[in-house]
1. Got a sec? Which of GLY156, GLY126, GLY165 is closer than 22 Å to GLY99 by Cα and loosely packed, with under 14 Cβ neighbours inside 10 Å?
2. Out of GLY77, GLY39, GLY99, GLY86, report the one residue that is among the small types (Gly, Ala, Ser), crowded, with 20+ Cβ neighbours inside 10 Å and not in a helix (DSSP H, G or I).
3. Find the residue count for segment 150-177, including only residues that are in a helix (DSSP H, G or I) and closer than 20 Å to HIS82 by Cβ.
4. May I ask you to list the residues in segment 134-161 that are at pLDDT below 95 and touching a Pro at 6+ places or on another chain (Cβ under 9 Å)?
5. Is it true that some residue in segment 172-188 is of a type in the set (Gly, Ala, Ser), modelled with pLDDT of 95 or more and on the phi > 0 side of the Ramachandran plot?
6. When you scan segment 42-65, how many residues do you find that are part of a helix (DSSP H, G or I), of a type outside the set (Phe, Trp, Tyr) and under 16 Å from TYR11 (Cα atoms)?
Amino acid sequence: MGFDRYIDLMYEQPDLFDRLMQMNEKFCIDWANAQLAAGATAICYFDPIASSTVSTREMYHKTGFETAKRTLSQIQGPTATHMASGLCLPVIDLIARTGTAAIATSVMEDLTDVKEVCLGKLTVIGNLNGIAMRRWTPAETENIVREAIAKAGPGGGFILSDNHGEIPWQVPDEVLLNISEAVYKWGVYPINWRQELG
């Protein structure tokens, strides 16, 4: 349908929107549980309209929040909610109440802020810039990975990832290998090197 039509229904025909969500919920639950039965260990619940980049907190509370609570409660395994590079900070408290285990954050948000709000509630996923990484040098890659781990890694509850849910085809393999090497260098627990760097 496209985001524009979903948003039109949310605001202009809420009854039709609710009916559509009921059909989507059933499909989503059946599909997710089939993936788990086939061996998947977790399900990513993409919900970019929940992001304050796309919708208001009030509209999310009225629509997507209720849909997510109903849907996630019937998925028989852990879930991670993904904003597809949209902002999540303004709705993290609501998303934490949906039953999800993790949230993906945008590159436009500071990992320190996100981790602080998520501490003890949600695992933070993010937030490497997949577009910018097309041109990262080995030194830039290491610095960016180290900074992300320094901000969100201590205490656990952090999964380093891109911020959109997919790596562009144009990202060189070398950059991905450099990311992996930097994770092995800086992401081993306990993360106590932050104090050493000052």
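The values are calculated or read from the model by the stated rules, or taken from the named source; none is laboratory data. From a predicted model like this one, the values you see are computed outputs, not experimental measurements. Note: ideal-geometry Cβ built from the backbone for every residue, glycine included; neighbour counts use all protein chains shown.
1. GLY156
2. On inspection, the qualifying residue turns out to be GLY86.
3. Within segment 150-177, residues that are in a helix (DSSP H, G or I) and closer than 20 Å to HIS82 by Cβ number 3.
4. Within segment 134-161, just PRO154 meets the criteria.
5. No, every residue in segment 172-188 fails to be of a type in the set (Gly, Ala, Ser), modelled with pLDDT of 95 or more and on the phi > 0 side of the Ramachandran plot.
6. 8
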